[in-house]
Amino acid sequence: MRLTVGICEDDPALRRALRQALTLDDHETVLAHSGKEALALFGPGSGIDVIIMDIGLPDADGRDVCQALKAGGQDAPVLFLTALGATHERLAGFGSGGDDYVTKPFELKELLARVAVLGRRGRQLVVRSDTSGLVLDATTHTLRTERGEVLLSPTEFRMLAAIAGRPDEVVRRRAVVAAAWPDGAIVSENTVDSLMRRLRTKMGEVETPVVIETLRGIGFRLVDRPPGA
């Protein structure tokens, strides 16, 4: 099965090695060296089947880039490639929407096998189009709409990205916490609710076409902004 693989890796030598290995395995590649490039090249409609994403990028955390892509409507599976192999780091990667995790150094044959598995899984998914009208920039932690731009804190960004990445679903509180805080962090419901109120205020400043609805005791979901709100 021939795939189009997006590679976001800031190390030129490793980027070349990945491209060569994937090309020899009969895949096409799209290359990015920063989070900004990945957001520009890997979005929905790019034809990307699988994304290989380094976490330690020069301009962003790869996990934030992953969340921004998911929030923008990109459904391609994401494989994180990183030197951070501790359990809490791996869990943070999965919490931000990653589908697999390979730590450096690694065997290229193993990586190719994982890419093939993700490619088969990804093509079984139903691709959706993004209708939220939100643009999340992981390199600056900003939210943009047609009405303007507002700066979010890293935690606010990750909370919103976790919800916006699944616009047709109720996202449970624990999933939002897993995406926004390090694994094992003790986060009270009051903290989550306080940050959610602040996030809603910022969304109101740029008149987002959708708002976050709280389903008490369950989680959150995006709904259309009520007229006049």
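Here are some notes:
Here's the yes/no breakdown for (1) modelled with pLDDT of 85 or more; (2) acidic (Asp, Glu); (3) outside any strand (DSSP E or B):
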| residue | (1), (2), (3) |
| --- | --- |
| VAL115 | yes, no, yes |
| ARG128 | no, no, yes |
| LEU136 | yes, no, no |
| ARG158 | yes, no, yes |
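- Residue match in segment 173-187 (condition: over 25 Å from GLY62 (Cβ atoms) and either hydroxyl-bearing (Ser, Thr, Tyr) or in the same structural domain as GLY62 (by TED's automatic domain parsing) (or both)): no
- Residue count for segment 210-222, restricted to those that are closer than 15 Å to ASP168 by Cβ and more than 20 Å from the chain's Cα centre (by Cα): 2
- Cβ pairs under 7 Å, 6+ apart, first in segment 63-77 and at positive phi, second surrounded by fewer than 24 Cβ atoms within 10 Å (Cβ to Cβ): GLY73/PRO44; GLY73/ARG128; GLY73/SER129; GLY73/ASP130
- All positions within segment 168-187 that are more than 17 Å from HIS141 (Cβ to Cβ) and in a helix (DSSP H, G or I): ARG173, ARG174, ALA175, VAL177, ALA178
- For segment 3-13, the criterion of being over 16 Å from the mean Cα position of the chain (by Cα), free of Cβ contacts under 8 Å to residues at least 40 places away in the same chain and closer than 19 Å to LEU108 by Cα is satisfied by at least one residue.
- Selection from segment 1-21 of residues that are touching a strand residue (DSSP E or B) at 6+ places or on another chain (Cβ under 9 Å), hydrophobic (A, V, I, L, M, F, W, C) and not in a helix (DSSP H, G or I): LEU3, VAL5, ILE7, CYS8
- Filtered residue count, segment 188-225, keeping only those that are outside any strand (DSSP E or B) and either charged (D, E, K, R) or outside the structural domain of HIS141 (by TED's automatic domain parsing) (or both): 10
- Candidate set from segment 22-51 (those that are touching a strand residue (DSSP E or B) at 6+ places or on another chain (Cβ under 6 Å), among the small types (Gly, Ala, Ser) and surrounded by 17 or more Cβ atoms within 10 Å (Cβ to Cβ)); member that is nearest to GLY72 (Cα to Cα): ALA38
The values are calculated or read from the model by the stated rules, or taken from the named source; none is laboratory data. Keep in mind that this is a model prediction, so the values were computed, not measured. We place every Cβ from the backbone using ideal geometry, glycine too, and count neighbours over all the protein chains shown.
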